[in-house]
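The values are calculated or read from the model by the stated rules, or taken from the named source; none is laboratory data. Not measured: the values here are computed from a predicted model. Note that each Cβ is placed from the backbone with ideal geometry, even for glycine, and that neighbours are counted across all protein chains shown.
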Amino acid sequence: MSEVTTLSLTDLVQNIKEKKLSSHEVTKGFIDRSEKSKILNTYITEDFSSALEKAKSFDNKPNFDLKLPGIPIAVKDLFCTNGVKTTAGSKILNNFIPTYESTVTKNIWNEGGILLGKLNCDEFAMGSSNETSFFGNVQNPIDKNLVPGGSSGGSAAAIAGNLTPITIGTDTGGSIRQPASFTGTVGLKPTYGSCSRYGIVAFASSLDQAGPISKNVKDCALLQEIISTYDAKDSTSIEFKRKSYSKELTNNIKGKKIGIPKEYRVDGMPKEIEELWTKGIEYVKNCGAQIVDISLPHTNYALPAYYIVAPAEASSNLARYDGVKYGFRSKGENLIDMYEKTRSEGFGSEVQRRIMIGTYVLSSGYYDAYYLKAQKVRKLIKNDFDDAYKKVDAILTPSTPSSAFKIGEKTNDPVSMYLNDIFTVPVNLAGLPAISIPAGLDAKGYPLGLQIIGKAFDEQNILNIAYAMEEKIAFKNKITDWWIK
Ligand code: GLN
């Protein structure tokens, strides 16, 4: 048996069901490796001893009908976990221990999953490099000088580094797909409303969605069918017929029409990304799909619209952190002074920047000019996709305009950081599902991803296309265990 940590989730489940591996062996394997991988800084909170206990009790009384029988899983530290510290990567929640469980994580534990720990992320999921975390940046297992992407950087790094068999992240403007692309992993952002937001620390409520990050497409499909449930506790949760994505997964995509949007050929895009996209087009053609040129005319306005809508919602969501009921509190001379000190010491600079932008665009006199305008642009972007889907079944684009960049390279230039989201944010604004799969390496050996965007609720279709492409691409990450001494 090869090292347990190199096995896919699907293989681990099978091995446990066939009693070739115990939950304890698997859990211990991932814990040992995580212990040796501290330098990557993927974990904010480890829950290792409790995980081992849970694994033992699973082995004593196994239930092999479960979909995740005794499988250890680390999750982004944005999901509230009952009794386990949940920080959202922020000082302001540094001491916060929830008394309830997010629906998405509850679904995972109900299927036999075991919490390994909470993974590092950008503060309140605001960022594209995991450098805004109060708990420090994460190193990309591909190369120690690289960011792993963000905001689910700890999650993507933990998959690439084999520290957890599967994980969940959240994606408000690309935070699952961009880090997946930067680390050579698979990341799915589901249709808005398919996974409950209950118990997820809110960033921008009309955009936030939870989704899997995994080693391969099949694992991703399996986790998606577990986390996607209707939930009355989330008023934006949608009731629709959910599929058994992993069971219905097929690589037969013959006759599917795949759209190529011309507006995604942006100025200054590296040649390697162009070439990757061209190769991707060849792969889908080889699978029997048909390529159709399409136009998404308002693509250019997606980024500016996103960076109005997201901060506006964030400024409202983050108003609750006042030091009164929970979280960090600073001493003040009076109530107002306490609020001010708590918020200026508790939030990092990126979060403060977003709160200021958000309150500005919502303030009277500017609301119509900025926020309302951005909402109108959002509708136009959604209409572009609706028009496109009259002609095609899915859309293929690069996931990011570059491979992973260096730690520190963009920290002093927020606009260039924001530009990294150019291919991912339109999808959130339109509420659509999209998956990023590793599709090649650049000249330096860094992974590059391709994105497949689907119609609303059509997760099965994009998973199938990704599955077919994955087989043709046969991606191999150039990764050494450099961090393990
Ligand atoms: N990078 C984007 C931002 O900073 C997206 C973040 C996310 O998806 N959570 O807003």
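Residues T172, T164, T183, T191: which one is under 13 Å from G449 (Cα atoms) and either within 13 Å of the ligand (Cβ to nearest atom) or among the hydroxyl-bearing types (S, T, Y) (or both)?
Working: T172 fails: under 13 Å from G449 (Cα atoms); T164 fails: under 13 Å from G449 (Cα atoms); T191 fails: under 13 Å from G449 (Cα atoms).
Just a single option satisfies the conditions, and that option is T183.
Assuming T480 fulfils every condition listed in (1) in a loop (DSSP other than H, G, I, E, B); (2) in contact (Cβ under 8 Å) with a residue 60 or more places away in the chain apart from one, which condition is it?
Failed condition: (2).
Just one of the numbered conditions (1) within 15 Å of the ligand (Cβ to nearest atom); (2) touching a Ser or Thr at 6+ places or on another chain (Cβ under 8 Å) is not true of A88; which one?
Only one criterion in (1) within 15 Å of the ligand (Cβ to nearest atom); (2) touching a Ser or Thr at 6+ places or on another chain (Cβ under 8 Å) is unmet by A88, namely (2).
Of everything in region 97-133, what is among the small types (G, A, S), more than 14 Å from the ligand (Cβ to nearest atom) and outside any loop (DSSP other than H, G, I, E, B)? Give them in sequence order. Break it down into steps so the answer makes sense when it comes.
Pass one, region 97-133, residues among the small types (G, A, S): 102, 112-113, 117, 125, 127-129, 133.
So of that shortlist, the ones also more than 14 Å from the ligand (Cβ to nearest atom) come out as 102, 112-113, 117.
Scanning region 97-133 gives a single hit, G117.
Inside region 304-316, can you point out the residues that are surrounded by fewer than 22 Cβ atoms within 10 Å (Cβ to Cβ) and near the ligand (Cβ under 10 Å from one of its atoms)?
The answer is Y307, and nothing else.
For N82, state whether it is free of Cβ contacts under 8 Å to residues at least 40 places away in the same chain, touching a Ser or Thr at 6+ places or on another chain (Cβ under 7 Å), surrounded by fewer than 20 Cβ atoms within 10 Å (Cβ to Cβ) and not hydroxyl-bearing (S, T, Y).
Working: free of Cβ contacts under 8 Å to residues at least 40 places away in the same chain: yes; touching a Ser or Thr at 6+ places or on another chain (Cβ under 7 Å): yes; surrounded by fewer than 20 Cβ atoms within 10 Å (Cβ to Cβ): yes; not hydroxyl-bearing (S, T, Y): yes.
Considered against the rule, which asks whether it is free of Cβ contacts under 8 Å to residues at least 40 places away in the same chain, touching a Ser or Thr at 6+ places or on another chain (Cβ under 7 Å), surrounded by fewer than 20 Cβ atoms within 10 Å (Cβ to Cβ) and not hydroxyl-bearing (S, T, Y), N82 comes out as yes.
Mind checking whether some residue in region 349-357 is buried (at least 20 other Cβ atoms within 10 Å of the Cβ) and of a type outside the set (A, V, I, L, M)?
Yes, some residue in region 349-357 is buried (at least 20 other Cβ atoms within 10 Å of the Cβ) and of a type outside the set (A, V, I, L, M).
Are there helices (runs of 4 or more DSSP H) fully within region 260-369 with at least 1 residues that are under 23 Å from N130 (Cα atoms) and among the hydroxyl-bearing types (S, T, Y)? List them.
302-317, 335-346, 349-362
Kindly provide the set of residues from region 387-405 that are aromatic (F, W, Y) and under 21 Å from G449 (Cβ atoms), ordered by number. Full working, then the answer.
Of region 387-405, the ones aromatic (F, W, Y) are 389, 405.
Matches in region 387-405: F405 only.
Looking only at residues that are surrounded by fewer than 18 Cβ atoms within 10 Å (Cβ to Cβ) and among the charged types (D, E, K, R) in region 387-436, which one is nearest to C287 (Cα to Cα)?
If we take residues in region 387-436 being surrounded by fewer than 18 Cβ atoms within 10 Å (Cβ to Cβ) and among the charged types (D, E, K, R), then K391 is nearest to C287 (Cα to Cα).
So G211 fits all but one of (1) touching a strand residue (DSSP E or B) at 6+ places or on another chain (Cβ under 8 Å); (2) of a type outside the set (D, E, K, R); (3) touching a residue at least 60 places away in the same chain (Cβ under 8 Å); what number is the exception?
Result: G211 passes all but (3).
Can you tell me which of (1) hydroxyl-bearing (S, T, Y); (2) without any contact (Cβ under 8 Å) to a residue 60 or more places away in the chain; (3) part of a strand (DSSP E or B) is the one T170 doesn't meet?
(2)
For region 149-161, what are the residues that are part of a loop (DSSP other than H, G, I, E, B) and within 13 Å of the ligand (Cβ to nearest atom)? Break it down into steps so the answer makes sense when it comes.
First, the residues of region 149-161 that are part of a loop (DSSP other than H, G, I, E, B): 149-152, 161.
If the condition is that a residue be part of a loop (DSSP other than H, G, I, E, B) and within 13 Å of the ligand (Cβ to nearest atom), then G149, G150, S151, S152 are the ones that fit.
Across region 194-236, what is the number of residues that are within 16 Å of the ligand (Cβ to nearest atom), within 30 Å of V4 (Cα to Cα) and part of a loop (DSSP other than H, G, I, E, B)?
Residues flagged as within 16 Å of the ligand (Cβ to nearest atom), within 30 Å of V4 (Cα to Cα) and part of a loop (DSSP other than H, G, I, E, B) within region 194-236 amount to 1.
Could you tell me whether any residue of region 461-474 is within 22 Å of T278 (Cβ to Cβ), of a type in the set (D, E) and buried (at least 17 other Cβ atoms within 10 Å of the Cβ)?
The answer is yes, given that some residue of region 461-474 is within 22 Å of T278 (Cβ to Cβ), of a type in the set (D, E) and buried (at least 17 other Cβ atoms within 10 Å of the Cβ).
Would you confirm whether or not region 317-326 contains a residue that is within 16 Å of the ligand (Cβ to nearest atom), surrounded by 14 or more Cβ atoms within 10 Å (Cβ to Cβ) and at pLDDT 95 or above? If you could, list the steps in order and put the result at the bottom.
The first filter runs over region 317-326 and keeps only residues within 16 Å of the ligand (Cβ to nearest atom), leaving 317-318.
Filter once more, keeping what is surrounded by 14 or more Cβ atoms within 10 Å (Cβ to Cβ): 317-318.
Those left that are additionally at pLDDT 95 or above: 317-318.
Yes, that holds for at least one residue.
List pairs: first residue in region 417-439 and within 14 Å of the ligand (Cβ to nearest atom), second residue among the basic types (K, R) anywhere in the structure, Cβ distance under 6 angstrom, at least six positions apart or on different chains.
If the second residue must be among the basic types (K, R), the pairs left are M417/K410; T424/R177; L429/R378; A434/K189; S436/R177.
Please indicate, with yes or no, whether at least one residue in region 25-33 is over 24 Å from S133 (Cβ atoms), touching a residue at least 40 places away in the same chain (Cβ under 8 Å), surrounded by 15 or more Cβ atoms within 10 Å (Cβ to Cβ) and not acidic (D, E).
Applying the first criterion (over 24 Å from S133 (Cβ atoms)) to region 25-33 yields 25-29, 32.
Adding the requirement that they be touching a residue at least 40 places away in the same chain (Cβ under 8 Å) leaves 26-27.
Retained after the next criterion (residues that are surrounded by 15 or more Cβ atoms within 10 Å (Cβ to Cβ)): 26-27.
Next, from what is left, pick out any that are not acidic (D, E): 26-27.
Checked region 25-33: at least one residue is over 24 Å from S133 (Cβ atoms), touching a residue at least 40 places away in the same chain (Cβ under 8 Å), surrounded by 15 or more Cβ atoms within 10 Å (Cβ to Cβ) and not acidic (D, E).
Within the set of pairs 6 or more residues apart or between chains, which connect a residue that is surrounded by fewer than 19 Cβ atoms within 10 Å (Cβ to Cβ) inside region 368-385 to a residue that is β-branched (V, I, T) with Cβ atoms less than 8 Å apart?
Short answer, once both residue conditions are applied: K373/I308; Q375/V309.
Mind listing just one residue for me: the one in region 272-303 that is closer than 30 Å to I355 by Cβ and either hydroxyl-bearing (S, T, Y) or free of Cβ contacts under 8 Å to residues at least 60 places away in the same chain (or both) and, of those, surrounded by the fewest Cβ atoms within 10 Å (Cβ to Cβ)? So that I can check it myself, show each step before the final result.
Residues of region 272-303 closer than 30 Å to I355 by Cβ: 298-303.
With the extra rule that they be either hydroxyl-bearing (S, T, Y) or free of Cβ contacts under 8 Å to residues at least 60 places away in the same chain (or both), the set shrinks to 299-301.
Numbers: T299: 20, N300: 13, Y301: 18.
Among residues in region 272-303 that are closer than 30 Å to I355 by Cβ and either hydroxyl-bearing (S, T, Y) or free of Cβ contacts under 8 Å to residues at least 60 places away in the same chain (or both), the one surrounded by the fewest Cβ atoms within 10 Å (Cβ to Cβ) is N300.
Taking G136, is it part of a loop (DSSP other than H, G, I, E, B), of a type outside the set (D, E) and within 13 Å of the ligand (Cβ to nearest atom)? Quick ask: steps written out before the conclusion?
Values: part of a loop (DSSP other than H, G, I, E, B): yes; of a type outside the set (D, E): yes; within 13 Å of the ligand (Cβ to nearest atom): no.
Judged against the criteria, G136 is not a match.
So which residues in region 16-48 are closer than 30 Å to D143 by Cα and among the polar types (S, T, N, Q), if there are any at all?
To start, the set of residues in region 16-48 that are closer than 30 Å to D143 by Cα comprises 25-48.
Answer for region 16-48, where residues must be closer than 30 Å to D143 by Cα and among the polar types (S, T, N, Q): T27, S34, S37, N41, T42, T45.
Just wondering, is there one or more residues in region 439-451 that are within 25 Å of D387 (Cβ to Cβ) and touching a strand residue (DSSP E or B) at 6+ places or on another chain (Cβ under 8 Å)?
To start, the set of residues in region 439-451 that are within 25 Å of D387 (Cβ to Cβ) comprises 450-451.
Adding the requirement that they be touching a strand residue (DSSP E or B) at 6+ places or on another chain (Cβ under 8 Å) leaves 450-451.
Looking for residues that are within 25 Å of D387 (Cβ to Cβ) and touching a strand residue (DSSP E or B) at 6+ places or on another chain (Cβ under 8 Å), one finds at least one in region 439-451, hence yes.
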